[in-house]
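First up is the structure itself, then whatever we jot down about it.
The values are calculated or read from the model by the stated rules, or taken from the named source; none is laboratory data. Note that the coordinates shown come from a computational prediction; the quantities given were computed from them, not determined experimentally. Cβ atoms come from the backbone with ideal geometry, glycine included; neighbour counts cover every protein chain shown.
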Amino acid sequence: MSRAKVFHVEHLSFDYGPDLPALRDVSFEVLDGETVCLLGANGCGKSTLLRLLDGLLAPTAGRIEAWGSEITKERLSDEAWNGEFRRRVSLLFQDADVQLFCPTVLEDVAFGPLQLGASPADARARAEELLELFGLAKLAMRVPSTLSGGQKRRVALASCLATDPDVLLMDEPFAALDPRSQVELLEVLQQLQDRGKTILIATHDLGFAEEVAARALLLSEEHTLLVDGTVEEVLSDERLLLQANVIHEHSHRHGGIRHSHPHRHGARHGTHHHTHGVQDHAHEEPRDDGHCGSGRPPCPSG
Ligand SMILES: Nc1ncnc2c1ncn2[C@@H]1O[C@H](COP(=O)(O)OP(=O)(O)OP(=O)(O)O)[C@@H](O)[C@H]1O
Ligand SMILES: [Mg+2]
């Protein structure tokens, strides 16, 4: 049985203003139940694309259809259409502060269900269930703005899931999470996939992309879609990854020998192998904070 089309994106371009391009002629489709990673360097247009798919921005050129109907200003201002769209699609913002605005964590998570017509008791029960799931029960009465970055992100995730959307648009969901929370999020994503949810994840972390998605879209720094393929295809194309600036040529020393090779950062690329003359070396990759693994001194950069 062929799967229904959730998004159909055709020749989509978006400019924030004159000389402020964010997306250039991007076309792709997302099918029901797919998990797709949106990869690309800082500023390539990932967040912009997710905001367009959520109807928060309108295309400068091109079009986006959701379940066969074009997302237009007219439709978004139609209460019934907008209500149904908001029920089905949920965006996790890159910046959790944009997402959290209620006086307490509990109210923030209950907000979506209340908006969609749940009774206060049901909305509260749903919020409590999600806070429990994300290990946030103790924070229920806290003011969201006083939470740590990772706590805010987990509350934002809980509030996104509270309405049980069909489509999750997640902007850097792993950022700011500690390793345990990252693993918990991977488990939650697995459960959502098992329940047939459609998930788009913007990330420049190739390791998480490989972990969660079957398919990847890679955006260039010129804001075009470089490749749309399986995660394996995309992540094995070193030339394209270098071109997109999601891996980089990194030069460093081993025992007095300087060499350079492409580096990728991410959960599943903690170690790699390469050769110096006849010797084969394996070493830990530097993490994004410039440190090699836990407790080690910073990597020499040259
Ligand atoms: N509000 C804005 N006004 C003007 N330009 C913007 C605005 N938001 C983003 N841009 C620009 O649009 C381009 C795409 O930005 P976007 O935030 O979509 O990138 P991104 O891929 O999500 O990057 P990151 O990995 O840093 O989150 C960038 O060049 C950015 O500077
Ligand atoms: Mg972004």
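Do any residues in region 91-120 that are without any contact (Cβ under 8 Å) to a residue 24 or more places away in the chain have Cβ atoms under 7 Å from those of residues that are charged (D, E, K, R), where the two are at least six apart or on different chains, and which pairs are they?
Ala118/Arg126
Looking at region 15-28, which of its residues are of a type in the set (D, E, K, R), out of contact with any Asp or Glu (no Cβ under 9 Å at 6 or more places or on another chain) and more than 9 Å from ligand 1 (Cβ to nearest atom)?
Going residue by residue through region 15-28, those that are of a type in the set (D, E, K, R) are 15, 19, 24-25.
Checking which are out of contact with any Asp or Glu (no Cβ under 9 Å at 6 or more places or on another chain) leaves us with 15, 19, 25.
Answer for region 15-28, where residues must be of a type in the set (D, E, K, R), out of contact with any Asp or Glu (no Cβ under 9 Å at 6 or more places or on another chain) and more than 9 Å from ligand 1 (Cβ to nearest atom): Asp19, Asp25.
Yes/no per residue for (1) in the same structural domain as Leu49 (by TED's automatic domain parsing); (2) surrounded by 19 or more Cβ atoms within 10 Å (Cβ to Cβ); (3) farther than 20 Å from Val26 by Cβ; (4) within 13 Å of ligand 1 (Cβ to nearest atom):
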residue	(1), (2), (3), (4)
Arg154	yes, yes, yes, no
Arg180	yes, no, yes, no
Leu189	yes, yes, yes, no
Lys197	yes, yes, yes, no
Ala213	yes, yes, no, no
Leu218	yes, yes, no, yes
Val231	yes, yes, no, no
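Pull up region 6-56, narrow it to residues that are within 13 Å of ligand 2 (Cβ to nearest atom) and among the polar types (S, T, N, Q), then point me to the one that is nearest to Leu92 (Cα to Cα).
Restricting to residues being within 13 Å of ligand 2 (Cβ to nearest atom) and among the polar types (S, T, N, Q), the top hit is Ser47.
If we only count strands (runs of 3 or more DSSP E) wholly inside region 30-97, which ones have 2 or more residues that are of a type in the set (A, V, I, L, M) and more than 11 Å from ligand 1 (Cβ to nearest atom)?
61-66, 89-92
Would you mind finding the one in Ala80, Ala110 that is surrounded by 15 or more Cβ atoms within 10 Å (Cβ to Cβ) and among the small types (Gly, Ala, Ser)?
Step by step, each of Ala80, Ala110 is checked, and only Ala110 is surrounded by 15 or more Cβ atoms within 10 Å (Cβ to Cβ) and among the small types (Gly, Ala, Ser).
Which residues, taken from region 208-231, are of a type in the set (D, E, K, R), touching a helix residue (DSSP H, G or I) at 6+ places or on another chain (Cβ under 9 Å), at pLDDT 95 or above and more than 16 Å from ligand 2 (Cβ to nearest atom)?
We begin by selecting, within region 208-231, every residue of a type in the set (D, E, K, R); these are 210-211, 215, 221-222, 228.
Within this subset, residues satisfying the condition of being touching a helix residue (DSSP H, G or I) at 6+ places or on another chain (Cβ under 9 Å) are 210-211, 215, 221, 228.
Pick out the ones that are also at pLDDT 95 or above and you get 215, 221, 228.
Correct list: Arg215, Asp228.
When you check Arg258 against the structure, is it at pLDDT below 95 and within 30 Å of Arg87 (Cβ to Cβ), yes or no? Spell out how you get there, then give the answer.
Numbers: at pLDDT below 95: yes; within 30 Å of Arg87 (Cβ to Cβ): no.
No: the conditions fail for Arg258.
Report the residue count in region 57-70 for those that are out of contact with any helix residue (DSSP H, G or I) (no Cβ under 9 Å at 6 or more places or on another chain) and either within 16 Å of ligand 2 (Cβ to nearest atom) or touching a residue at least 24 places away in the same chain (Cβ under 8 Å) (or both).
6
Only one of (1) surrounded by 19 or more Cβ atoms within 10 Å (Cβ to Cβ); (2) in contact with an Asp or Glu (Cβ under 7 Å, 6 or more places away or on another chain) fails for Cys102. Which number is that?
So the condition that Cys102 fails would be (1).
I'm trying to understand the selection: among the residues of region 9-20, which are touching a Gly at 6+ places or on another chain (Cβ under 8 Å) and surrounded by 14 or more Cβ atoms within 10 Å (Cβ to Cβ)? Let's see the steps before the verdict.
Within region 9-20, the subset touching a Gly at 6+ places or on another chain (Cβ under 8 Å) is 9-14.
Correct list: Val9, Glu10, Leu12, Ser13, Phe14.
Check Val143, Val183 and return the single one that is in contact (Cβ under 8 Å) with a residue 40 or more places away in the chain and among the β-branched types (Val, Ile, Thr).
The conditions single out Val143.
Output the qualifying pairs, or none if there are none: Cβ atoms under 8 angstrom, residues six or more apart or on different chains, first residue in region 188-209 and at positive phi, second residue assigned to a loop (DSSP other than H, G, I, E, B) and among the small types (Gly, Ala, Ser).
Qualifying pairs under 8 Å: Gly196/Gly33.
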